[in-house]
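K.L.:
Once you've had a glance at the structure underneath, I'll fire off some questions.
The values are calculated or read from the model by the stated rules, or taken from the named source; none is laboratory data. None of these values were measured; they are calculated from a predicted model. Cβ atoms come from the backbone with ideal geometry, glycine included; neighbour counts cover every protein chain shown. Just the protein is used for accessible areas: all its heavy atoms, side chains included, with ligands, DNA and RNA removed. Shrake-Rupley method; radii C 1.70, N 1.55, O 1.52, S 1.80 Å.
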Amino acid sequence: MQYFTQHKWLQFIALLAVFFAFIMAIDPVTGGNLWRLQENIFWLLPDAVNDGLKYLINDFWVVDIYDAELDLTEESTMMKEFTRTLSGVVLFCINLIRELLLGGVKTVVAFTSWDFVSENEWARIPALPWTAVAAGAFLIGHYLGGRNLSILAGTSIIYIAVFGQWTPAMQTLSFVLVAVPLSVFLGLVLGICAYKSKTFESILAPLLNVAQSMPHFSYLIPVVVFFGIGDHAGAISTVIFATPPMIRLTILGLKKVSPEVLEAGMMSGCSPRQLMFKVLIPTARHDILIGVNQVIMQCLAMAVIASFIGARGLGYDLLVSLNTLNIGEALELGVSIVLIAVVLDKLSLAWANKQADYFADLPFHLHHKYSLAFLGILIFTSVIAYVASVLFPDKSNYLYVIAESQGFTTKDFWDFIVDWIITNSYQSVQSFNFFMITSILMPMKEAYLAMPVAATLFLVAGIGFIIGGLRSAIIVTAFIAFIALTPWWDRALITAYMVTFAVIISVIIGCTVGVLCSRNKQATKVMLLICDTFQTFPSFVYLIPVIMLFGVSDLSVLIAVIVYATIPATRYTVEGLRNVPQSLQEAGSMSGVNRMQRLFHIELPLAFPHILLGINQTVIFSLFMVIIGAFIGTDDLGQLIMQSLSQANGMGQGIVLGLCVAFIGLAADHLIHTWAQQRKKALGIA
């Protein structure tokens, strides 16, 4: 018995034996609640959430509002007035930035009227020449990261302009330039409050866990109800999605400030406010700026998702192209989104890593040389563009904006390649598709759907108990029991089957590639660069090639999920093996072990906790991508969430479905994180 309690693998085998015995014993026809929980009061939760939110919007805190334009007083609620005001402010900011980049009159109209604009032709904001933006990208890149970053940033902007994607790209950029500062500000404020108050942090922590586990689409449903549709609604949903990582990294950065720095600040007579803004935040600058980088990436990840509720830009155009299966155009748009993501990612990381020189005493023209250079270029390009428009009034002014119809395009080339690939690989691809679906995916799906509720809860509780004891068993069972109480247990099982398959394949590929690359420094550098690049791709981009080759099926979604989710498994394996102390590796070699023995008996066991964190991220990435894969046709929870977007009373259902997805991720996260912590303690590296 003692041997059994000391070896968890034996406990796990016994748990599986009991689990399969439960499956054999519970009959789907006569099993009742043991098979599937019958309809209960919990099924009314979506309607209760929906009714509660409707009451908040339409009936809570009714006030009289005077409309000056119509000269009448009407009843409204404070929530409606708040959302209208917030929507107006956000939309004004988006239009202002958009018109500074592309030109327009809406900002002028906001302060005057349409009559004033129509009577005065000069009353419009002129477009910022794309040449000036490209020059600015070159300068910012050179200032933050030197020549290579300058070339990357500048040539990316030139590509977007020359290929006729300037207008949608600037629409996306205006959207990001509003969402990012709002997310950073909210994240910084809430992070500071959580740092200063342990109670507030303990309240905030579970909310952040749920928020970061909720699928993208779930944010859209309440935003549509409260704020309507349009660019402002897309920006608000993006802010909600992008703020949590900023909060976490702000808290992490402030907590990492050493006590000596705090004591030095207090001894110098700093007030609490001065201590925060003059000592703590500057010292935590690096982590906070990494948070800014994460916010930018999250905002770009939402660029396509937000187009479902009317946000304009590259994401909307990509969505239209995918709907019409216009693969060539979708690839061009995908490249433009990727370039913006890569450039903003590299610039923000360079900003985070750039050391501030607080002791430099330079003349004004040297201290601000980049700003002065950009100002000069802006004036020069604007004058040239204006002169060109005066001299050639009937000609297209390529110095301002290159329209899509006037730019270069490679979509015909890509369409030809796609047609060639499909024509020459159709039989083999279809054979592979048929084999995978009929021989592997469908049997696996049916096996998951044959899992009774009672047996599944027993299995989950048992795994939780084996890994983390009674507390973990209660936590993970509560997460899964919430799903079992809803009407969507079968949909959740389909989601779990897809995530399981994707995680298994991703972990095998990622860990194998990571181990092989970690053997060589140059290979490690190349692989981390590939991971960095692929991780900046917005998730929808991965759907383009799989739709092209495999059409609409579970296999298409799973291939896209595997490509996306292999990144963290590879990265964490490489970094975990690289962090194994060199002294231990040398000690192993000196004791006579060969390279394979050293890998399996020293390096992998020490790197295992780090690899587990990568597997944890792989699970979360897979879950997110499976839900996004609902766009090309699946019958999991993601499909129901998408349907909720178009339903009049879908708000409550969408939120509860989002919680179901989040709880699957949180259960896996808790188990893997607990296991990783235990391994760290066992190895003495906690």
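K.L.:
For segment 551-602, what are the residues that are aromatic (Phe, Trp, Tyr) and either under 19 Å from PHE621 (Cα atoms) or touching a Pro at 6+ places or on another chain (Cβ under 8 Å) (or both)?
P.N.:
TYR564, TYR572
K.L.:
Considering segment 547-566 alone, what residues qualify as being in a helix (DSSP H, G or I) and open to solvent by 10 Å² or more (accessible area, probe 1.4 Å)?
P.N.:
So in segment 547-566, the residues in a helix (DSSP H, G or I) come out as 547-550, 554-566.
Answer for segment 547-566, where residues must be in a helix (DSSP H, G or I) and open to solvent by 10 Å² or more (accessible area, probe 1.4 Å): ILE547, MET548, LEU549, PHE550, ASP554, ILE559, ILE562, VAL563, TYR564, THR566.
K.L.:
Could you tell me whether VAL178 is among the β-branched types (Val, Ile, Thr), closer than 27 Å to GLY310 by Cβ and open to solvent by less than 70 Å² (accessible area, probe 1.4 Å)?
P.N.:
yes
K.L.:
Also, I was wondering about something else. Filter segment 425-444 for residues that are among the polar types (S, T, N, Q) and at pLDDT 80 or above; which is most open to solvent (accessible area, probe 1.4 Å)?
P.N.:
Among them, the one singled out is GLN427.
K.L.:
When segment 105-136 is examined, which residues are found to be of a type outside the set (A, V, I, L, M, F, W, C), open to solvent by less than 30 Å² (accessible area, probe 1.4 Å) and not in a loop (DSSP other than H, G, I, E, B)? Before the answer, list the steps.
P.N.:
Residues of segment 105-136 of a type outside the set (A, V, I, L, M, F, W, C): 106-107, 112-113, 115, 118-121, 124, 126, 129, 131, 136.
Now drop any that are not open to solvent by less than 30 Å² (accessible area, probe 1.4 Å), which leaves 107, 129, 136.
Correct list: THR107, GLY136.
K.L.:
Restricting to segment 304-327, name every residue that is buried (at least 20 other Cβ atoms within 10 Å of the Cβ) and more than 18 Å from ILE632 (Cβ to Cβ).
P.N.:
Result: ALA306, ILE309, ALA311, ARG312, GLY313, LEU314.
K.L.:
Residues GLY265, GLY228, GLY269: which one is at pLDDT below 85, open to solvent by less than 40 Å² (accessible area, probe 1.4 Å) and at positive phi?
P.N.:
Working: GLY265 fails: at positive phi; GLY269 fails: open to solvent by less than 40 Å² (accessible area, probe 1.4 Å).
Going through GLY265, GLY228, GLY269 in turn, just one is at pLDDT below 85, open to solvent by less than 40 Å² (accessible area, probe 1.4 Å) and at positive phi: GLY228.
K.L.:
I would also like to ask the following. Among (1) among the hydroxyl-bearing types (Ser, Thr, Tyr); (2) within 21 Å of GLN653 (Cβ to Cβ); (3) surrounded by fewer than 22 Cβ atoms within 10 Å (Cβ to Cβ), there is one condition SER197 misses while meeting the rest; what is its number?
P.N.:
With respect to (1) among the hydroxyl-bearing types (Ser, Thr, Tyr); (2) within 21 Å of GLN653 (Cβ to Cβ); (3) surrounded by fewer than 22 Cβ atoms within 10 Å (Cβ to Cβ), SER197 is out only on (2).
K.L.:
Right, here's the next one. Which of the numbered conditions does ALA587 fail, given that it passes all the others? Conditions: (1) surrounded by 21 or more Cβ atoms within 10 Å (Cβ to Cβ); (2) over 19 Å from the mean Cα position of the chain (by Cα); (3) of a type outside the set (S, T, N, Q).
P.N.:
Evaluating ALA587 over (1) surrounded by 21 or more Cβ atoms within 10 Å (Cβ to Cβ); (2) over 19 Å from the mean Cα position of the chain (by Cα); (3) of a type outside the set (S, T, N, Q) leaves (1) as the failure.
K.L.:
If you check THR456 against the conditions, is it among the polar types (S, T, N, Q), closer than 23 Å to ILE641 by Cα and open to solvent by less than 20 Å² (accessible area, probe 1.4 Å)?
P.N.:
In short, no.
K.L.:
Further, regarding this structure: Looking at segment 187-213, which of its residues are of a type in the set (A, V, I, L, M, F, W, C) and farther than 27 Å from GLY88 by Cα?
P.N.:
Hits for segment 187-213 are ILE192, CYS193, ALA194, PHE200, ILE203, LEU204, ALA205, LEU207, LEU208, VAL210.
K.L.:
A further question follows. Residues in segment 646-662 that are open to solvent by 30 Å² or more (accessible area, probe 1.4 Å) and touching a helix residue (DSSP H, G or I) at 6+ places or on another chain (Cβ under 6 Å): how many?
P.N.:
Residues in segment 646-662 being open to solvent by 30 Å² or more (accessible area, probe 1.4 Å) and touching a helix residue (DSSP H, G or I) at 6+ places or on another chain (Cβ under 6 Å): 3 in total.
K.L.:
State which residue is modelled with the lowest pLDDT when the search covers only segment 209-224 and only residues that are of a type in the set (A, V, I, L, M, F, W, C) and assigned to a helix (DSSP H, G or I).
P.N.:
Of everything passing the filter in segment 209-224, PHE217 is modelled with the lowest pLDDT.
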